[in-house]
Amino acid sequence: MTDDLDLPTPLADADFSPRRRAWRGLTPGLLAGSGLMAVLAAAAICAPLLTSYDPSAIDVTNSLQPPSPTHWFGTDQFGQDVFTRVVYAARVDLLIGVVLVGVALTVGATVGMLAAWRGGWVDAVVQRVVDIGFAFPFLVLVIAMVGLRGPGLGSLFIAVSLVAWILYARLVRTEVRLVRRMDYVTAAQVSGFGTGRVLARHVLPNVAGQLVVYASSDFVYAVLVGASVSFLGLGVQPPTPEWGSMIQAGQNFITQQWWIAFFPGLAIVYVGVACALIGDGLASVFGITPRGRRG
């Protein structure tokens, strides 16, 4: 007969519940990164409340003014308030990150999951397409596609969406090939569950952790791609404020009027730090080791 002291108490059971374990996995880094990103998103949404300047208005009488209480980040060569443009540009750059990562994640996860599950010629075709995509530098492909269609935000969305999904497809394919061998997946198939139900309820939840962690780190790369293409004049077009195009506009003044390019660059660094903290925190929550395997 088992001694009463060996029996788990209700409190002990609650301590090991999935919800409590998830809360315990919220590291200071994850909270800090989420807070930084929330502040930036709130500033972008509430931009008209933070500044009274028009981000596109030209005032040559106040051009190249250094940072001051009137213009916190100074003004550029057109007399535009740099702080105002940085805040309004956050709307565009965060939208770029959300759309590019969202589309790539959805398409790549779907293609990778189907390829790994079906196998055969479907898997072979997907692998060849992915290999071809990895054979060329990512940014070169994006620039080439944008150049063919013409500069603009729409061209950037289309170009990156046609290329970025291969990264997620390879990741999901590898994970699904491991998960499909698990006993609980076999049990679900033997129970007569349809393919859609098995994938949605038994396979996808067990590969979602890898996807979320990778997407959090990929977000800053999507922002960098958007800024890089805009820096080259192929992305967001003036007078719409965007961090990459703002850096390009200030490069000729970098030695004297440093603030024109410095603050948009600092905004990109800010996003990078926030995403790094979020990614590390999510890896801890999902128990993912640096190599991508579950600990």
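In summary, region 40-137 shows an alpha-carbon radius of gyration equal to 1.79 times the 2.2 N^0.38 Å reference for compact globular proteins.
Under a 5 Å amide H cut-off, with hydrogens placed 1.01 Å from N, Thr75 pairs with Leu64, Gln65, Val82 among residues at least 5 apart or on other chains. The trypsin sites (Lys or Arg not before Pro) of region 158-242 meeting both criteria, a DSSP state outside H, G, I, E and B (loop) and at most 15 other C-beta atoms within 10 angstrom of the site's C-beta, are Arg181. In a Gaussian network model over the chain where Cα atoms closer than 10 Å are linked, find which of Leu100, Leu266, Leu234 has the largest mean-square fluctuation. Most flexible of the set in this elastic network: Leu266. Each of Gln127 and Thr61 was given a label point 7 Å from its Cα along the Cα-to-Cβ line. The distance between the two points is 7.0 nm.
Over all orientations, the chain has a Cα convex hull whose mean projected area works out to 21.8 square nanometres. Here the Karplus relation 6.51 cos²θ - 1.76 cosθ + 1.60, evaluated at θ = phi - 60°, turns the backbone of region 268-279 into coupling constants of 5, 4, 4, 5, x, 5, 4, 5, 5, 5, 5, x Hz, with x for every Gly and Pro. Ordered from longest to shortest, the equivalent ellipsoid semi-axes for region 164-272 are 46, 12, 9 Å, each the square root of 5 times a Cα gyration tensor eigenvalue. Here the label points at Val269 and Leu31, each 7 Å from Cα along the C-beta direction, are separated by 2.6 nm in the simple model. Axis angle, to the nearest 10 degrees, between helix 28-45 and the longest C-alpha principal axis of the chain: 50 degrees. Multiplying the residue separation of Ala276 and Leu95 by 0.36 nm and removing their Cα-Cα distance gives an extension gain of 63.3 nm. Using the Karplus relation 6.51 cos²θ - 1.76 cosθ + 1.60 with θ = phi - 60°, the per-residue 3J(HN,Hα) values for region 115-121 come to 5, 5, 6, 7, x, x, 5 Hz, with x marking Gly and Pro.
Where Rh is the Kirkwood radius over the Cα pairs of region 233-275, the temperature 37 °C and the viscosity 0.692 mPa s, what D in µm²/s does Stokes-Einstein return? In µm²/s, the coefficient rounds to 303. Computed 3J(HN,Hα) for region 72-77, one whole-Hz value per residue from the Karplus formula 6.51 cos²θ - 1.76 cosθ + 1.60 where θ = phi - 60°, is 4, 9, x, 10, 8, 5, glycine and proline marked x. Between Phe253 and Leu232, full extension at 0.36 nm per residue minus the direct alpha carbon distance yields a gain of 5.8 nm. Packing, taken as the mean count of other beta carbons within 10 Å per residue, orders the peptides 69-76, 222-229, 238-245 from highest to lowest as 222-229, 238-245, 69-76. With a Förster radius of 51 Å applied to the C-beta separation of Leu162 and Thr70, the computed FRET efficiency comes to 0.70.
Between Met246, Met182, Met37, the residue with the greatest mean-square fluctuation in the GNM of the chain (Cα pairs under 10 Å linked by springs) is Met182. Relative contact order of region 70-200: 28 percent, from C-alpha pairs under 8 Å at least 6 residues apart in sequence.
Throughout, read-outs are computed from the coordinates displayed, never taken from laboratory work. Please read all numbers here as calculations on a predicted model, not as lab measurements. Cβ: placed from backbone, ideal geometry, glycine included. Neighbour counts: every protein chain shown.
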